[in-house]
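Undergrad: Structure below; questions to follow.
The values are calculated or read from the model by the stated rules, or taken from the named source; none is laboratory data. Owing to the predicted nature of the structure, the values given are computational and were not obtained by experimental measurement. Quick reminder, even Gly has a Cβ in these numbers, built from the backbone with ideal geometry, and neighbours come from all protein chains shown.
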RNA sequence: GCCGAUGUAGCUCAGUUGGUCAGAGCAGCUGAUUUGUAAUCAGCAGGUCGGGGGUUCGAAUCCCUCCAUCGGCUCCA
C-alpha cells in the first residue's frame, strides 16, 4: 500500500506505485492538465517519477514558482535542441530558468553568430519540436559514463561541469534527439510549451569568469498559452514607459552630453529642484538624529587613499591622478568622502563623552566605471552620495547602527518603497586575503550587524563574500521597472579606517582608544535614488516632492490677470504654482499639463473670476469641482502634511 | 573592458534592391482664433542623415574605423 500525504494533511492510498501525474489525474483531469511539477518530501521532481509511500507531496501549477521553473527549464532544453539542429557543432554550457524565462549559454561553431534576426528562425524550430510532444526522460548514469558521453560528443563545458559534481551518479534528461546533463525537474513532454519568444542575445563569460571564453547567451521566455505571452509582452512595453531615462528626458529632469563625457549626468532645473527637496528632507531628519553637516573639497592628495587602502584596491581602474607643477604632488578626484571626514574628525581631540560624532555631507564623488556598465542615472561616473560617517565607541556601535536603520526606514516609508530587499554582506570565510583588518575586528563588526538586524526584526538575506574589503555591510535593494535590482541605502561597519588614520578618543580611564566608524548612505546616491523613484512613480511624484504642484489654466487671455492673482495667492501659501497662459484652448492646456504630470490643474474663467474660485482638476482623476481659493490652498497643504507626517521622529 | 544591436531635425519616427530621399507628426516661431475639462487652423523655420576614412559616375543606404546609446556578461570602494 502506497500512502500519499497532501499539504492539508489529507491522505490518499494506492495499491501500487503511482506517479505525481497519476495522483493529479485522480484528483481531477483538469488538475492533471495544469500541474507541472511536484514536491516530494522537500525535493522538487518530475511528475512522471513514482512517489514513495508516506511521502508528503505538493503539486505545482503555473502559479507556483516551482511550476514555472520546471516549465522554463524544460524550455531551455527545447531551445538547446533547436540550436543544436540549427547550428551543428554547437557546444552547450548551462541553461537555467530565471525569474522571467530562461537562457542557454552556448559556444557557437567558428564563424557563426546569433543576432536578433535569427530569433524567428529559432522560435519556429522550437515550435516545431514542441509540437512533437517528446517526453522528457530521466536517466541516471555513472560519472564515468557521463564523462565518456560528453568527451565523445566534444562538449568540453559539460565535461568540466561533470568533473566538478560531487555526486557519484549523474542524471541526464533526454527528449527527442536531445540529451542534457541536468538535475531536473522537467515537464512531462514538450507539448506543454505553446508560446515561445526569444528575447535577446548577449555575451556571457563561461562560469562568470572574465578570463575565460565568452559564450553566447540566448534569452527566451515561454508560456503554456499564447495569450499569456501576449500579455507579458504588453507588460514589458508598459515597463519600458516607466524607464527613468525616458521620463527624465520628457520631464526635463536631467541630461547627458557627449561633450561633457559619458556617465556624467547634469541635473536640469526641475530635476535639481526635486533632488534638493530630497536632500533637505534628509538633512532635516539627520539634524534631529544628531548629525552635523560638513563640507569637504572635491579633490585630495593621493596619499589620503593610499592610507585608506582604496588606492591599492581601485587606483588603477579609477580616474588617473591630477598632477600639479610642483614635483611629486598628485591629487585624486575623490572617489569617496571617508578620508576627508576622518581628517575632519582629527581636527581636534575627542573625549568619550563627545561620541558619537556624526558628520554628514552630500559629497560628490567620481569613479571610473567601465563603459559597458554605464546606465542612465543608476550607474554613472560622477554622483553624489548622501554620505555620513559616524565615529563612535565600540559599546555604542549596535545602537548607532540601529538608529541608521531607522533613518533608512523613514525614507523608504515616506516614498512608499515597500518592496525592498535587505542584504547583510559578510566576508567570504574561505578567502580572507581579499579583506583588510584583523579577524577579531571582522568578527565584532559582523556580530554587531547581525544583532542589530535581529533586534530590528528585519527580514534579510545573508551573503558571504559580498562585504566591502574593509568591513561588512547591510544594503537595501530596490528593483527598477524592468526588474533589475539596484542597491540604494547602505550601512557599513568599519574598524579599519580608524586604525589607518589613527583616530582616537580619550576614554574615562584617561587612555587613548580607537573609535569605530559607520559609513552610511540611506539614499545611496542621489542619482540612483531619483532614477528608482522615477521608475516607481512613473514620474508622478508625491505632491510634497514634485517640482511643480499646481498649474493655473486661464480659459482665454481675458483671464490671464485673474490667473496671475491665483498664482500670487498660492505662492503666499508656499504652493509651487505655474501659469499656462499660452494662446491655446483649455483642452490642449489640460492635455499638455497632464502629460507633464503636474498634480493639480486649476481652470479659471468667468465663473471663477466672479466668485474668486478655481475649478480643480486632479492629475489622472479628472474634474474635482469648484473651490474657493483658501479652500484649495488648504487642501494642498493638508495633502503635503499627510505625506510628510512620516518625517516625525519618535 | 567583453559579446550583440542601434545612431536620420529639440522629441517620436518614415526613407523599398545605392540614382530629386533629405521626409512626417509633435515641440519652436509668425499670424488668425478668445477659446470651459486630454490635441483650433494656416504659414514659416529646423538636419554635413553620430564623427572620420573608403568603394562608386553617384552613399542616409555598401565596407572600415572611432564615438555614443541600448540589451547582457564581468565589475561596483
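Undergrad: Within segment A:409-434, which residues are assigned to a helix (DSSP H, G or I) and touching a residue at least 40 places away in the same chain (Cβ under 8 Å)?
TA: A:410, A:411, A:412, A:413, A:414, listed by residue number.
Undergrad: Can you say whether residue A:43 is surrounded by fewer than 18 Cβ atoms within 10 Å (Cβ to Cβ), under 31 Å from the mean Cα position of the chain (by Cα), free of Cβ contacts under 8 Å to residues at least 40 places away in the same chain and not assigned by TED's automatic domain parsing to the domain that holds residue A:479, as far as the supplied structure shows? I'd like the intermediate steps shown before the answer.
TA: Values: surrounded by fewer than 18 Cβ atoms within 10 Å (Cβ to Cβ): yes; under 31 Å from the mean Cα position of the chain (by Cα): yes; free of Cβ contacts under 8 Å to residues at least 40 places away in the same chain: yes; not assigned by TED's automatic domain parsing to the domain that holds residue A:479: yes.
Judged against the criteria, residue A:43 is a match.
Undergrad: Can you tell me how many residues within segment A:587-630 are near RNA strand B (Cβ under 6 Å from one of its atoms) and either in contact (Cβ under 8 Å) with a residue 12 or more places away in the chain or not in a strand (DSSP E or B) (or both)?
TA: Looking only at that region, the number is 14.
Undergrad: Regarding segment A:252-275, can at least one residue be identified that is more than 16 Å from RNA strand B (Cβ to nearest atom), surrounded by fewer than 17 Cβ atoms within 10 Å (Cβ to Cβ) and closer than 23 Å to residue A:405 by Cβ?
TA: There is no residue in segment A:252-275 that is more than 16 Å from RNA strand B (Cβ to nearest atom), surrounded by fewer than 17 Cβ atoms within 10 Å (Cβ to Cβ) and closer than 23 Å to residue A:405 by Cβ.
Undergrad: Further question: Could you please find all residues in segment A:423-438 being under 27 Å from the mean Cα position of the chain (by Cα) and at pLDDT 90 or above?
TA: Answer for segment A:423-438, where residues must be under 27 Å from the mean Cα position of the chain (by Cα) and at pLDDT 90 or above: A:423, A:424, A:425, A:426, A:427, A:428, A:435.
Undergrad: For segment A:410-419, name all the residues that are surrounded by fewer than 19 Cβ atoms within 10 Å (Cβ to Cβ) and at negative phi.
TA: A:413, A:418, A:419
Let's see how each residue does on (1) within 27 Å of residue A:486 (Cα to Cα); (2) buried (at least 20 other Cβ atoms within 10 Å of the Cβ); (3) over 23 Å from the mean Cα position of the chain (by Cα); (4) without any contact (Cβ under 8 Å) to a residue 60 or more places away in the chain:
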{"position": "A:330", "(1), (2), (3), (4)": "no, no, yes, yes"}
{"position": "A:345", "(1), (2), (3), (4)": "no, yes, yes, no"}
{"position": "A:349", "(1), (2), (3), (4)": "no, no, yes, no"}
{"position": "A:372", "(1), (2), (3), (4)": "yes, no, no, yes"}
{"position": "A:378", "(1), (2), (3), (4)": "yes, yes, no, no"}
{"position": "A:387", "(1), (2), (3), (4)": "yes, yes, no, no"}
{"position": "A:394", "(1), (2), (3), (4)": "no, no, yes, no"}
{"position": "A:398", "(1), (2), (3), (4)": "yes, no, yes, yes"}
{"position": "A:405", "(1), (2), (3), (4)": "yes, yes, no, no"}
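Undergrad: Here are A:227, A:246, A:284: which of them is within 10 Å of RNA strand B (Cβ to nearest atom), in a helix (DSSP H, G or I) and either loosely packed, with under 15 Cβ neighbours inside 10 Å or at pLDDT 95 or above (or both)?
TA: A:246
Undergrad: Can I ask one more? Run residue A:53 past the list (1) more than 31 Å from the chain's Cα centre (by Cα); (2) at pLDDT 95 or above; (3) assigned to a loop (DSSP other than H, G, I, E, B) and report the number of the one that doesn't hold.
TA: Among (1) more than 31 Å from the chain's Cα centre (by Cα); (2) at pLDDT 95 or above; (3) assigned to a loop (DSSP other than H, G, I, E, B), the lone unmet condition for residue A:53 is (2).
Undergrad: Quick one: residue A:233 ticks every box in (1) within 14 Å of RNA strand B (Cβ to nearest atom); (2) within 30 Å of residue A:196 (Cα to Cα) bar one, so which box is it?
TA: Among (1) within 14 Å of RNA strand B (Cβ to nearest atom); (2) within 30 Å of residue A:196 (Cα to Cα), the lone unmet condition for residue A:233 is (1).
Undergrad: Okay, next question. Does any residue of segment A:459-469 turn out to be within 14 Å of RNA strand B (Cβ to nearest atom) and closer than 28 Å to residue A:279 by Cα?
TA: For segment A:459-469, residues within 14 Å of RNA strand B (Cβ to nearest atom) and closer than 28 Å to residue A:279 by Cα: present.
Undergrad: Between residues in segment A:108-120 that are within 13 Å of residue A:88 (Cα to Cα) and residues that are at pLDDT 90 or above, which pairs lie under 7 Å by C-beta distance while being six or more apart or on different chains?
TA: Matching pairs, first to second residue: A:108/A:87; A:108/A:90; A:108/A:114; A:108/A:216; A:109/A:87; A:109/A:89; A:109/A:90; A:112/A:87.
Undergrad: Condition first: surrounded by fewer than 20 Cβ atoms within 10 Å (Cβ to Cβ), within 12 Å of RNA strand B (Cβ to nearest atom) and closer than 24 Å to residue A:405 by Cβ. Can you find one or more residues in segment A:487-499 that meet it?
TA: Yes: one or more hits.
Undergrad: Ok, one more. Residue A:169 fails exactly one of the following numbered conditions: (1) surrounded by 15 or more Cβ atoms within 10 Å (Cβ to Cβ); (2) modelled with pLDDT under 95; (3) under 24 Å from residue A:37 (Cα atoms). What is the number of that condition?
TA: Every condition holds for residue A:169 apart from (1).
Undergrad: Right, here's the next one. Output the number of the condition that residue A:503 fails; it satisfies all remaining conditions of (1) surrounded by fewer than 18 Cβ atoms within 10 Å (Cβ to Cβ); (2) part of a loop (DSSP other than H, G, I, E, B).
TA: Going through (1) surrounded by fewer than 18 Cβ atoms within 10 Å (Cβ to Cβ); (2) part of a loop (DSSP other than H, G, I, E, B) one by one, residue A:503 breaks only (1).
To keep it simple, each residue is scored yes or no on (1) within 15 Å of RNA strand B (Cβ to nearest atom); (2) part of a loop (DSSP other than H, G, I, E, B).
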residue: A:94; (1), (2): yes, yes
residue: A:110; (1), (2): yes, yes
residue: A:113; (1), (2): yes, yes
residue: A:119; (1), (2): yes, no
residue: A:138; (1), (2): no, no
residue: A:144; (1), (2): no, no
residue: A:152; (1), (2): no, no
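Undergrad: Then there's this: Return the pair list, or none, for Cβ contacts closer than 8 Å from residues in segment A:199-219 that are in the same structural domain as residue A:75 (by TED's automatic domain parsing) to residues that are in a helix (DSSP H, G or I) and within 8 Å of RNA strand B (Cβ to nearest atom), at least 6 apart or on different chains.
TA: Note: pairs meeting the criteria are A:200/A:116; A:201/A:116.
Undergrad: Out of the residues in segment A:316-341 that are more than 25 Å from residue A:360 (Cα to Cα) and assigned to a helix (DSSP H, G or I), state the one that is nearest to RNA strand B (Cβ to nearest atom). I'd like the intermediate steps shown before the answer.
TA: Kept after step one, since they are more than 25 Å from residue A:360 (Cα to Cα), are these residues of segment A:316-341: A:316-317, A:320-330.
From what's left, assigned to a helix (DSSP H, G or I): A:316-317.
Working: A:316: 10, A:317: 6 Å.
Once the filter is applied, the top-ranked residue is A:317.
Undergrad: Considering only residues that are part of a helix (DSSP H, G or I) and farther than 22 Å from residue A:361 by Cβ, look in segment A:375-408 and name the one that is farthest from RNA strand B (Cβ to nearest atom).
TA: A:395
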